[in-house]
Amino acid sequence: MTSALRLEGPAEGLASLVFDAPQSKVNVIGRELITELEAVIDDLEHRTDISCLVLMSGKRRNFIAGADIDAIESVTDPADIAEAVRLVQGLYARWESLPYPTIAAIAGSCIGGGTEWALASDYILVSNRPDVRIGLPETRLGILPGWGGCTRLPRRIGLTASLDIILGGKSVIPYKAFKIGLADALMPAASFHHHVRDFARAVIDGKPPVEKRQAGFKGALLEKNPLGRKIVFDQARKQVLATTGGNYPAPLRALEVVRVGLEDGKTAGFAAEARGLSELAVSRESKSLVHVFRLMEGAKKRAMGRALKRSAVLGAGVMGGGIAQLLAAKASLPVRMKDIASEPLAQGMAHAYGLFRKLLERRRLTQPQLLQKMNLLRPTLDYSGFAAVDLVVEAIVEQLDVKQKVFAELSRIVPEDTILASNTSSLSIEAIGRDVRHPERVIGMHFFNPVDKMPLVEVIVSPQTSSAVTDAIVALCGQLGKTPVVVKDGPGFLVNRLLMFSMAEALTLLEEGVSIPVLDRTMKKWGMPMGPITLTDEVGLDVATHVAGILTEAFGDRLQVPQWIGRMVEDGRLGTKVGKGFYRYDGRKRLAVDPEVYELLGLTPREDDPDVVEVSHRIVLPMLDEAARCLAEGVVRDAADLDLAMIMGTGFPPFRGGLCRWADDEGTAGLQTRMEELAGRIHPRFEASKAFTEVVEAGGFYARYPRRRAPDEAA
Ligand code: NAI
């Protein structure tokens, strides 16, 4: 076994423990490392030649990436986990009690178990490099910081600040780490090691530049008395319940563990951590969240393709403005932003500036960088500069004839290998590129609104699109910080197709008398980020009707959208954007359901409580059956990609692991029985398709459509 921990020195009392895992880009704390650390600490405890020990990383970008996810994923017995947790807690406690001061010198991403190791050190020094992050993301994986994090962090930075990190599973930038007291000093990246050495020397000389923080309880006045703390805990609990709808057990459990650690002392805190972590790690929610984490990691590994150097965006509206800003912000690409009118161009520039300003305020960007980024954006009313671009993203009006004309025009102006991408949300990519010379370069790049926030891009390939073009766009999405999912050209592509089946059923339920608040509440409780009626308002009734039209034409009776939806559009109830839809709005703020809607549509909401399980099944199962069809048709390549697209594109609840994963966990055979029952009692549209029956026969979605790796993808 090659060792991952290397002791350097001591020289005049100063030694360093360098963590540098062999054959790995990151330092992960797994079984082998723990064994090694045990031996190292046995030695360190008896060293009399060390006066100060610095913990550092041998990796360029990573300090410590935390615990080994495989280990968390595979465990099934809480007792095994509790034992492993206590072992590491014991090692960190021994590190904390070493007979000389320790310093964690962080100059790379420091996550989970890495942060907890740093917290067991006397001092934490951090490099001011922009990509450094320090965090405790455990609750995002459905577990909690169990190697001392829940107990030590509040002692170091106070209760409120630590709850913010622990309950949100957050990471902070170096400046913030310093500001909240997580780091004792913020040091220039270029000469970080010199500064660390000077700091350590000062510690050895008995004149540390800052006071040791571990000893006393830091925190605001409110947190220093039991009553004040109770207020903080109660508020945090309310907030967790409001944001998670009670569907995520980890933050609530972490809150309780933090409370025990503060009220009953460190030993009780560590014991509560071990119990909490071991019970959470075997929960269905945690297994699903780890599954989602894996899906996201898998998507990141696919980024290989031709690098793009100059871009253009057509249309500076809602989407085009956002896409142009993103290309400049994340990929540092020069962007020609073309529109047919100057007003949208001015608005597009103002929108981009607004987003860059926010980054500046959050110290993610400096003023010169902001100017540099804004300089990349060049608004124009003509095609000047287009002869040099290798990518055009089109985001103009959603009209096939206009897009066809513009694409044909473009293909005569730009070089013949320039990629032509459309952000269309409903039109066929093949049809858009009909008159383009070299149609193999035409592709769909379907961003979601708002561009800067929504993580998914559907990369839509037509039968003509070349694989080199697909690879380049997939790679670009990675650069843009987006998750790409490659889907086949076809009505509604993947996400809108599935979504429309659930939205249509929600509208049918409304027609049957289930009230708007009941529908929205039920699906929010089920875990969706917003209810289906709120979502329809958000999407816009005009857009929803347009997409519904395209899909009904394609799928006939299978998709039944109530006819009255047209009346909403005629009445000017286009949704959130006009402040009037199913709900009433004050600006973008949603107020109450507009009672006039029921009148307009001639509907009477039922007074009695409907069966909410049935409501949720009726909304989810049509979408699930359609998912099986999409997989059978090859619209999406496997169940993992489908789940990723639904989580990233619609906010499908991560604690359910994705649509297919949820169905597999529930048991697809049982869900099929449910579909047949609904088909018999309500309407034949609920009948399971042949594609779904195949899934059931194979033993589930992941068994029928297992993860397929791209040829260039690492295992
Ligand atoms: P928008 O109406 O806000 O912006 C369209 C812009 O294109 C306008 O500024 C218009 O002046 C400009 N334009 C029209 N013809 C042009 C031409 N020939 N050359 C250059 N510019 C031209 O529309 P939005 O919402 O940004 O949508 C654009 C595209 O993105 C559509 O295809 C839409 O389906 C798609 N999309 C929209 C989403 C949304 O939520 N708004 C989500 C995903 C895709």
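In this structure, does V561 turn out to be assigned to a helix (DSSP H, G or I) and either more than 22 Å from S426 (Cα to Cα) or among the hydrophobic types (A, V, I, L, M, F, W, C) (or both)? So V561 fails the test.
From the list D382, D452, the one residue that fits, being closer than 24 Å to T483 by Cα and either surrounded by fewer than 22 Cβ atoms within 10 Å (Cβ to Cβ) or not assigned by TED's automatic domain parsing to the domain that holds P344 (or both), is D452.
Scanning the range 339-359 for residues that are closer than 13 Å to G321 by Cβ and touching a Lys or Arg at 6+ places or on another chain (Cβ under 9 Å) turns up L345, A352, F356.
The listed residues are V389, V397, V393, V406, and the only one of them that is within 16 Å of the ligand (Cβ to nearest atom) and surrounded by fewer than 16 Cβ atoms within 10 Å (Cβ to Cβ) turns out to be V397. Just checking, does the range 344-363 include any residue being in a helix (DSSP H, G or I), in contact (Cβ under 8 Å) with a residue 40 or more places away in the chain and among the small types (G, A, S)? So far as the range 344-363 goes, no, none of its residues is in a helix (DSSP H, G or I), in contact (Cβ under 8 Å) with a residue 40 or more places away in the chain and among the small types (G, A, S). Being among the hydroxyl-bearing types (S, T, Y), within 16 Å of the ligand (Cβ to nearest atom) and touching a Leu at 6+ places or on another chain (Cβ under 8 Å) holds for only one residue in S384, S332, S342, and it is S342. Is it the case that the range 73-94 has a residue that's under 29 Å from R275 (Cβ atoms), in contact with a strand residue (DSSP E or B) (Cβ under 9 Å, 6 or more places away or on another chain) and in a loop (DSSP other than H, G, I, E, B)? Taking every residue of the range 73-94 in turn, none turns out to be under 29 Å from R275 (Cβ atoms), in contact with a strand residue (DSSP E or B) (Cβ under 9 Å, 6 or more places away or on another chain) and in a loop (DSSP other than H, G, I, E, B). As for the range 138-149, it holds at least one residue that is surrounded by fewer than 24 Cβ atoms within 10 Å (Cβ to Cβ), modelled with pLDDT of 95 or more and under 23 Å from the mean Cα position of the chain (by Cα). Being hydroxyl-bearing (S, T, Y), under 15 Å from R152 (Cα atoms) and buried (at least 17 other Cβ atoms within 10 Å of the Cβ) is the requirement here; does Y100 meet it? No: the conditions fail for Y100. None of A67, A93, A71 is crowded, with 19+ Cβ neighbours inside 10 Å and touching a residue at least 12 places away in the same chain (Cβ under 8 Å) except A67. Before we move on, is A639 without any contact (Cβ under 8 Å) to a residue 60 or more places away in the chain, closer than 18 Å to H291 by Cα and buried (at least 18 other Cβ atoms within 10 Å of the Cβ)? For A639, the condition - without any contact (Cβ under 8 Å) to a residue 60 or more places away in the chain, closer than 18 Å to H291 by Cα and buried (at least 18 other Cβ atoms within 10 Å of the Cβ) - is not met. Pick from the range 211-254 the residues that are under 20 Å from E116 (Cβ atoms) and modelled with pLDDT of 90 or more: which of them is surrounded by the fewest Cβ atoms within 10 Å (Cβ to Cβ)? It comes out as R253. Pairs meeting the criteria (first residue in the range 393-417 and assigned to a loop (DSSP other than H, G, I, E, B), second residue within 11 Å of the ligand (Cβ to nearest atom) and among the polar types (S, T, N, Q), beta carbons under 7 Å, at least 6 apart or on different chains) are A395/N423; E398/T424; E398/S425; E398/S426.
Results for (1) of a type in the set (D, E, K, R); (2) crowded, with 21+ Cβ neighbours inside 10 Å, shown as yes or no for each residue.
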residue: D557; (1), (2): yes, no
residue: L603; (1), (2): no, no
residue: D608; (1), (2): yes, no
residue: M623; (1), (2): no, yes
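So, in the range 414-428, of the ones that are among the hydrophobic types (A, V, I, L, M, F, W, C) and more than 12 Å from the ligand (Cβ to nearest atom), which residue ends up farthest from G490 (Cα to Cα)? Looking at the filtered set, the residue picked out is V414.
Note on the range 1-56: residues that are in contact (Cβ under 8 Å) with a residue 60 or more places away in the chain and in contact with a Cys (Cβ under 9 Å, 6 or more places away or on another chain) amount to 2. Regarding the range 325-332, can at least one residue be identified that is under 24 Å from the mean Cα position of the chain (by Cα), among the basic types (K, R) and within 23 Å of A307 (Cα to Cα)? Yes, some residue in the range 325-332 is under 24 Å from the mean Cα position of the chain (by Cα), among the basic types (K, R) and within 23 Å of A307 (Cα to Cα). When the range 285-325 is filtered for residues that are within 16 Å of the ligand (Cβ to nearest atom), among the β-branched types (V, I, T) and assigned to a helix (DSSP H, G or I), the ones remaining, listed by number, are V318, I323. Restricting the search to helices (runs of 4 or more DSSP H) fully inside the range 159-271 and requiring at least 2 residues that are in the same structural domain as A11 (by TED's automatic domain parsing) and basic (K, R) gives 174-179, 192-204, 226-244, 249-264.
Taking E614 as the residue in question, decide whether it is buried (at least 16 other Cβ atoms within 10 Å of the Cβ), modelled with pLDDT of 95 or more and within 23 Å of I460 (Cβ to Cβ).
No: the conditions fail for E614.
Looking only at residues in the range 524-552 that are of a type in the set (G, A, S) and part of a helix (DSSP H, G or I), the one that is surrounded by the most Cβ atoms within 10 Å (Cβ to Cβ) is A544. With respect to the conditions (1) in contact with a strand residue (DSSP E or B) (Cβ under 8 Å, 6 or more places away or on another chain); (2) farther than 19 Å from V495 by Cα, C477 falls short on a single one, namely (2).
Yes or no, residue by residue, for (1) touching a strand residue (DSSP E or B) at 6+ places or on another chain (Cβ under 8 Å); (2) under 25 Å from P529 (Cα atoms):
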site: L644; (1), (2): yes, yes
site: I647; (1), (2): no, yes
site: M675; (1), (2): no, yes
site: S689; (1), (2): no, no
site: F692; (1), (2): no, no
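For R590, the stated conditions hold: it is crowded, with 16+ Cβ neighbours inside 10 Å, of a type in the set (K, R) and either at pLDDT below 95 or not in a helix (DSSP H, G or I) (or both).
The values are calculated or read from the model by the stated rules, or taken from the named source; none is laboratory data. Everything numeric here is computed off the predicted structure, so don't read it as measured data. Note: ideal-geometry Cβ built from the backbone for every residue, glycine included; neighbour counts use all protein chains shown.
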